[in-house]
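To start, the structure under review is shown below, and the notes come after it.
The values are calculated or read from the model by the stated rules, or taken from the named source; none is laboratory data. Being a predicted model, the structure only gives us computed values, none of them experimental. Cβ placement follows ideal geometry from the backbone for every residue including glycine, while neighbour counts extend to all protein chains displayed. Only protein heavy atoms, including side chains, enter the accessible area calculation; ligands, DNA and RNA are left aside. Shrake-Rupley method; radii C 1.70, N 1.55, O 1.52, S 1.80 Å.
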Amino acid sequence: MLSKSIFATQFLKANRSSVVLSLRTFSTDQKAKDPYDNIPDSILSITQRKIYKQDGHPLSTLIEKIEGFFGQGQISDLHIPGEKFKVFSDFPPLVKVKECFDDLGIPEDHVSRRITDTYYKSRDTCLRPHTSVHQIPLMRAGNNAFICVGDVYRKDTVDKTHYPAFHQMEGVRTYDLKTLGVGNVAEAKLIAERDLKQVLENLARLVFGDVEMRWIDAYFPFTEPSIELEIFYNNEWLEVLGCGVIHDKVMTRAGKDITNEVGWAFGLGLERWAMKLFDISDIRLFWSQDPRFITQFKQGHITKFKPYSRFPTCYKDLAFWVPPHFNENEFFQIVRHVSGDLAETVECIDKFTHPKTGRESQCFRINYRHMDRSLTNEEVDQFQVKLRQLVASELQCELR
Ligand code: DAH
């Protein structure tokens, strides 16, 4: 949910060219890898960091606050008797593709499943792109009310609000007709939806204060109906979560009796919340090891981040003729592979179509910045040389 929901926007993206791309990892190491493995070492090392558990980290404070809310019992005015929410936050990010996509009703040709969007370890395993993967197994294990937090991974654009790793929280609650005091499922679903809205409005109010809110219709394959909550914060409408009444197929797969049980689920992107609450304008700061970042925060306190002076950026442009199957995400991945975290933004600054040949040329500007020191021109030139090589060899783009 940090980048706009993979479902709403990526269904749109799906209409773009859909060519099967060869599997590439751009890996320079010589270890024998599964041919499906497209996880660069830089991402693998991130899976070890667990910043959301780091004392004082803004994500950790935010999670603690939300956990506190769900731990307090009565969180909606409907007073539905029920259990306290359990918290799960230790599931490893490597998950089964089946549980992540198929079981949640995500179609086989959905764009989020492409190798250009998801990090695969093998044909059957991937780094979770959302915490929704844990819904069904947790319900099947007998949990009726829980939240689940974890790091999630998606190949994405390179800019201040996108990073290939971020964090989500999932929440689920199910109940039977007797608990809800109703005689049929249709009625029960209406109550579930009211309960869901109340819970999430109360949560948003606790975290963001007395903000204006609105509900927007949405689409997720695993909920019906699906909705999104927006809040008016700092003079703009901000989408803060996606949710809905759990789809019958999902309930069935979770071992629930859909003639007697209903439930709701939500998912939210924690960085999106924390960036607003703590005034953190660049998502990469969450991963910063610079003491000037972490020492500004204290566990349990939401305080505004004071930007420290940063080292200057250095930009380089790269222009090439794009082949018909060109996929920007693959290009971004190469940029990341070559420069690690140092590429701060990559933007297309010019596009033109040759009047005679009809070929399209694109020019990308890459802004490099080191968080802890000035970059030398030579260093950046080396990135560019490598980038040019890989763009030509891996993406079959003719350089200009
Ligand atoms: N998994 C969705 C995403 O990453 C977010 C989400 C939406 C989770 C609706 C849910 C839900 O549990 O009911 O965009």
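Conditions tested, residue by residue: (1) small (G, A, S); (2) farther than 24 Å from N367 by Cβ.
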| residue | (1), (2) |
| --- | --- |
| N234 | no, yes |
| I246 | no, yes |
| R284 | no, no |
| S288 | yes, no |
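Taking the range 62-73 as the range and being more than 19 Å from the chain's Cα centre (by Cα) and at pLDDT 95 or above as the test, the residues that pass are E64, K65, E67, G68, F69, F70. Across the range 94-105, what is the total count of residues that are open to solvent by less than 20 Å² (accessible area, probe 1.4 Å) and over 21 Å from A165 (Cα atoms)? So the answer is 2. The criterion of being at pLDDT below 95 and buried (at least 22 other Cβ atoms within 10 Å of the Cβ) does not hold for Y175.
When we screen W273, W287 for residues that are in contact (Cβ under 8 Å) with a residue 40 or more places away in the chain, of a type outside the set (S, T, N, Q) and either away from the ligand (no atom under 16 Å from the Cβ) or surrounded by fewer than 17 Cβ atoms within 10 Å (Cβ to Cβ) (or both), the only hit is W287.
Counting the residues of the range 336-382 that are farther than 26 Å from Y308 by Cα, hydrophobic (A, V, I, L, M, F, W, C) and part of a helix (DSSP H, G or I) gives 1. Restricting attention to the range 293-335, which residues are of a type in the set (A, V, I, L, M), in contact with a strand residue (DSSP E or B) (Cβ under 8 Å, 6 or more places away or on another chain) and assigned to a helix (DSSP H, G or I)? Across the range 293-335, the qualifying residue is only V335. Only one of the numbered conditions (1) buried (at least 16 other Cβ atoms within 10 Å of the Cβ); (2) at pLDDT 95 or above; (3) within 24 Å of the chain's Cα centre (by Cα) is violated by L180, and that is (3).
Annotation note: of R369, R359, R336, the sole residue that is free of Cβ contacts under 8 Å to residues at least 60 places away in the same chain, touching a Ser or Thr at 6+ places or on another chain (Cβ under 8 Å) and closer than 20 Å to D156 by Cα is R369. The number of residues in the range 244-257 that are more than 10 Å from the ligand (Cβ to nearest atom), open to solvent by less than 60 Å² (accessible area, probe 1.4 Å) and either part of a helix (DSSP H, G or I) or of a type outside the set (A, V, I, L, M) (or both) comes to 3. The lone criterion from (1) open to solvent by less than 10 Å² (accessible area, probe 1.4 Å); (2) in contact with a helix residue (DSSP H, G or I) (Cβ under 7 Å, 6 or more places away or on another chain); (3) closer than 27 Å to D102 by Cβ; (4) more than 10 Å from the ligand (Cβ to nearest atom) left unmet by W264 is number (4).
Can you find a residue in the range 46-69 that is away from the ligand (no atom under 16 Å from the Cβ) and within 28 Å of L190 (Cβ to Cβ)? Within the range 46-69, one or more residues are away from the ligand (no atom under 16 Å from the Cβ) and within 28 Å of L190 (Cβ to Cβ). Across the range 106-131, what is the total count of residues that are open to solvent by 10 Å² or more (accessible area, probe 1.4 Å) and small (G, A, S)? Of the residues in the range 106-131, 1 are open to solvent by 10 Å² or more (accessible area, probe 1.4 Å) and small (G, A, S). Comparison of V385, V346 shows that the only residue that is out of contact with any Gly (no Cβ under 8 Å at 6 or more places or on another chain), among the β-branched types (V, I, T) and touching a residue at least 40 places away in the same chain (Cβ under 8 Å) is V346. Within the range 193-205, is there a residue that is in contact with a Gly (Cβ under 7 Å, 6 or more places away or on another chain), at pLDDT 95 or above and among the hydrophobic types (A, V, I, L, M, F, W, C)? Looking for residues that are in contact with a Gly (Cβ under 7 Å, 6 or more places away or on another chain), at pLDDT 95 or above and among the hydrophobic types (A, V, I, L, M, F, W, C), one finds none in the range 193-205, hence no.
Do we find that I43 is part of a loop (DSSP other than H, G, I, E, B), of a type in the set (A, V, I, L, M) and touching a residue at least 24 places away in the same chain (Cβ under 8 Å) in this structure? Here the answer is no, as I43 does not meet what is asked. Scanning the range 214-243 for residues that are away from the ligand (no atom under 15 Å from the Cβ) and assigned to a loop (DSSP other than H, G, I, E, B) gives N234, N235.
Against the definition (open to solvent by less than 10 Å² (accessible area, probe 1.4 Å), among the hydrophobic types (A, V, I, L, M, F, W, C) and away from the ligand (no atom under 15 Å from the Cβ)), how does V158 come out, yes or no? The answer is yes for V158. Residue-level check: of (1) within 27 Å of K121 (Cα to Cα); (2) open to solvent by less than 50 Å² (accessible area, probe 1.4 Å); (3) of a type in the set (A, V, I, L, M, F, W, C), F91 misses just (2).
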